[in-house]
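Undergrad: Have a look at the structure that comes next, please.
The values are calculated or read from the model by the stated rules, or taken from the named source; none is laboratory data. Here the structure is a predicted model, which is why all the values come from computation and not from measurement. We place every Cβ from the backbone using ideal geometry, glycine too, and count neighbours over all the protein chains shown. Quick note on the areas: whole protein, heavy atoms, side chains included, nothing else; ligands and nucleic acids left out. Shrake-Rupley method; radii C 1.70, N 1.55, O 1.52, S 1.80 Å.
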Amino acid sequence: TQSTWGVSASAKTMSFSAPPSQEQLVKHGCFILCLDVPEKLQFGLDYTMWRVGPNFQGVKMIPPGVHFVYYALGLNDEMAARTGFFVYLKEQDVLVRRWDPAMEDFKALSPDEEERYADGVRQFDFDRSMGPYPMDKWQQWIELSKFISEQVLSKLEPVNKRIQSQARKHEYDEQQKTNQKSLEADAGQPMESFSASMVGFTIFYTDIPTRHVPASASASRITQLNMDKSAILQGLLADEHNNDYKLVLGELQFAYITFLLGQSLESFEQWKKLVLLLCSCEEALKTIPQLFIDFIPVIYSQLQQAPDDFFIDELSGTNFLRHALQSFFELLDDISLDARLRSRSEKLKQFVSQRFIGGLVELDEDAPMIVET
């Protein structure tokens, strides 16, 4: 199956050139075995979430590549506090996790115990209690994640590998406060407190400066640099990503997935910063066009999965996305740019106008510009 953009979306993450057949997945697929799962758990893998039954023990026939596992207690609350983590699975890998009711989280087993369970999975001992991977959502997932490499994960993941929603972090902090009060009562003196951000939950996102102005820059150059963020992008590529633009796109996808599925506000803020940066780089459109040729399908797939009212949702701020894309399209309205870039720009513009309420409106010349501080 070809993606919307005429390239094999699967090539980045697996050996199959098209969605794998059931026979291929039986032979080459991966497994996530979940032990002692409580019935009230909501369990998600990539773009599907289930309310588990009493016999649920995980997912089988998973295509190799990167996947996002997430879960929350509570059957009927879609906004229940979530925790999630990424896994990068190779052919026939078996990931084994056991639910810890005290921690309300999955934990790893000892290597020996995990290997014993993995052998049982490969011998189909758990086959009847494991559900098949939902292949009808596979193409969507590939489009959302194809730039998330093992290198991207190793750079961004928190120390404890867990991505926590804002609600889950709040729950953790409240529990820590309760525990601290109990310890202080026992000790008879104040104790040091630890918030969720201090115990390994922080994502190591790239710090994106808002300005990059050399001290010797002239007034006209300063004005240009304040409008064109290409120098900031070039600096990030050189300093943080070894001049590999795919790592930037991988971070953009990591942030979007952990915001959309992991409900992380920290990730939404990073996604917003990256979108604003990439939509404001006039010079870079000519110097590194391939970055933007690949960026357009990435933002296209993200907007495709977004809710209908995303442009006007309160969380999106003052329509920053509408303004960012309008600015991007104006920069792309240049006949000297790469023809593929202009073609993809038109496809994205048509999609945005059709998909979202209100589409894109021409910005008034006197309208206030959004400045990221």
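Undergrad: Only one of 51, 82 is buried (at least 22 other Cβ atoms within 10 Å of the Cβ), more than 30 Å from residue 347 (Cα to Cα), of a type in the set (D, E, K, R) and modelled with pLDDT of 85 or more; which? Show your work before the answer.
TA: Values: 51 fails: buried (at least 22 other Cβ atoms within 10 Å of the Cβ).
The match here is 82.
Undergrad: Here's a follow-up. Taking region 119-134, which residues are open to solvent by 20 Å² or more (accessible area, probe 1.4 Å) and touching a Leu at 6+ places or on another chain (Cβ under 7 Å)?
TA: Within region 119-134, 126 is the sole residue that qualifies.
Undergrad: Sticking with this one: Please work out if residue 311 is assigned to a helix (DSSP H, G or I), at pLDDT below 95 and of a type in the set (A, V, I, L, M, F, W, C). Before the answer, list the steps.
TA: Numbers: assigned to a helix (DSSP H, G or I): yes; at pLDDT below 95: yes; of a type in the set (A, V, I, L, M, F, W, C): yes.
Criteria met by residue 311.
Undergrad: Which one is most open to solvent (accessible area, probe 1.4 Å) among residues in region 272-300 that are under 20 Å from residue 145 (Cβ atoms) and out of contact with any Asp or Glu (no Cβ under 9 Å at 6 or more places or on another chain)?
TA: 294
Undergrad: Only one residue in 146, 137, 90, 161 is under 29 Å from residue 267 (Cα atoms), within 22 Å of the chain's Cα centre (by Cα), of a type in the set (D, E, K, R) and open to solvent by less than 40 Å² (accessible area, probe 1.4 Å). Which one? Give the steps one after another, and end with the answer.
TA: On the way: 137 fails: open to solvent by less than 40 Å² (accessible area, probe 1.4 Å); 90 fails: open to solvent by less than 40 Å² (accessible area, probe 1.4 Å); 161 fails: open to solvent by less than 40 Å² (accessible area, probe 1.4 Å).
None of the other options fit; the residue is 146.
Undergrad: Could you check region 20-33 and list, in sequence order, the residues that are surrounded by 15 or more Cβ atoms within 10 Å (Cβ to Cβ) and of a type in the set (A, V, I, L, M, F, W, C)? Give the steps one after another, and end with the answer.
TA: Keep residues of region 20-33 that are surrounded by 15 or more Cβ atoms within 10 Å (Cβ to Cβ), which gives 20, 24-25, 28-33.
Scanning region 20-33 gives 25, 30, 31, 32, 33.
Undergrad: Further question: Could you list, in sequence order, all residues of region 244-271 that are outside any helix (DSSP H, G or I) and open to solvent by less than 10 Å² (accessible area, probe 1.4 Å)? Show your work before the answer.
TA: Let us first name the residues in region 244-271 that are outside any helix (DSSP H, G or I), namely 244, 261-264.
Those that are outside any helix (DSSP H, G or I) and open to solvent by less than 10 Å² (accessible area, probe 1.4 Å): 262, 264.
Undergrad: Taking region 34-48, which residues are surrounded by fewer than 23 Cβ atoms within 10 Å (Cβ to Cβ) and among the hydrophobic types (A, V, I, L, M, F, W, C)?
TA: First pass over region 34-48, keeping only residues surrounded by fewer than 23 Cβ atoms within 10 Å (Cβ to Cβ): 35-44, 47-48.
Residues satisfying the conditions are 35, 37, 41, 43.
Undergrad: Could you grab me the full set of residues in region 7-48 that are modelled with pLDDT under 90, outside any loop (DSSP other than H, G, I, E, B) and β-branched (Val, Ile, Thr)?
TA: 26
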